[in-house]
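Worksheet for the structure shown next.
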Amino acid sequence: MAREYDHLFKLLIIGDSGVGKSSLLLRFSDNVFSGSHITTIGVDFKIRTMDVGGERVKLQIWDTAGQERFRTITSTYYRGTHGVIVVYDVTSAESFVNVQRWLQEITTNCEDVCRILVGNKDDDPNRKVVETQDARRFAEQMGVRLYETSAKDNIHVEDMFKAITDLVLRAKKENQARMQQRAASDVVKIGRSSGRSRGKCC
């Protein structure tokens with residue numbers, strides 16, 4: 001029986017409490033939006049399968065609580081993570097300032113992982129306090145891509161999740177290519193070594 005997917009990736013959504021992590025996940029997984037805010041207790045996750053370049057990619061997306069008292073729970077969920085989505089609220093300067101700390105936490109827990117920066121709640125220009133050019137400048141300094149989204153109005157949510165999936169898939173393939181190249185190089189070295197050994201025996 002054929003597998004339902006070609007790749008299985010674990011994604012983690014992190015950021016301050018109230019930035020809309022759960023709303024982004026619900027919009028992507030179930031295409032729904034709830035205006036009422038319910039704080040995630042601990043960790044919740046959803047699964048969705050996407051087609052990327054003709055390959056089936058199964059995403060296991062973990063939604064973490066952003067409140068400080070849950071940080072110890074969150075840290076254990078970095079294990080086995082392939083990609084991290086760092087979310088801030090474009091109407092909250094504090095949540096944007098805290099992005100630096102979240103990025104540092106990623107480095108501490110899983111340095112070799114794909115990252116993307118997301119400014120959510122980008123649906124009301126009158127309430128926006130984190131300007132796009134400032135966020136883009138910061139993202140470039142940190143070496144991450146920036147996406148501005150609205151889970152409420154379904155703006156760029158699909159694009160953002162596809163972007164992080166593309167990054168993770170590319171990283172996996174590049175890593176596999178490096179490993180194959182290294183293995184081939186080792187075979188050549190062994191072949192040369194055995195050839196020299198035979199020469200000495202003659």
Handout entry: Residue satisfying condition, being touching an Asp or Glu at 6+ places or on another chain (Cβ under 9 Å), touching a residue at least 60 places away in the same chain (Cβ under 8 Å), within 28 Å of Leu8 (Cβ to Cβ) and surrounded by 15 or more Cβ atoms within 10 Å (Cβ to Cβ), within set Asn98, Asn120
Key = Asn120
Exercise for the section: Determine which member of the set Arg115, Arg178, Arg71, Arg182 is of a type in the set (D, E, K, R), under 21 Å from Asp44 (Cα atoms), at pLDDT below 95 and out of contact with any Cys (no Cβ under 6 Å at 6 or more places or on another chain). Expected result: Arg71
Exercise for the section: For the range 125-135, state whether one or more residues are within 28 Å of Leu26 (Cα to Cα), of a type outside the set (Val, Ile, Thr) and at pLDDT below 95. Expected result: no
Problem - Any hit, the range 92-99, residues being assigned to a helix (DSSP H, G or I) and either modelled with pLDDT under 95 or of a type in the set (Ser, Thr, Tyr) (or both) - result: yes
Exercise for the section: Kindly check whether there is at least one residue in the range 78-87 that is over 28 Å from Arg137 (Cβ atoms), part of a loop (DSSP other than H, G, I, E, B) and at pLDDT below 90. Expected result: no
Problem - Failed item, numbered, when Ser22 is tested on (1) hydroxyl-bearing (Ser, Thr, Tyr); (2) out of contact with any helix residue (DSSP H, G or I) (no Cβ under 9 Å at 6 or more places or on another chain); (3) modelled with pLDDT of 95 or more - result: (3)
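The values are calculated or read from the model by the stated rules, or taken from the named source; none is laboratory data. As the structure is a computational prediction, the values presented were derived from the model and not from experiment. Using ideal geometry, Cβ is built from the backbone for each residue, glycine included, and neighbour counts are taken over all protein chains shown.
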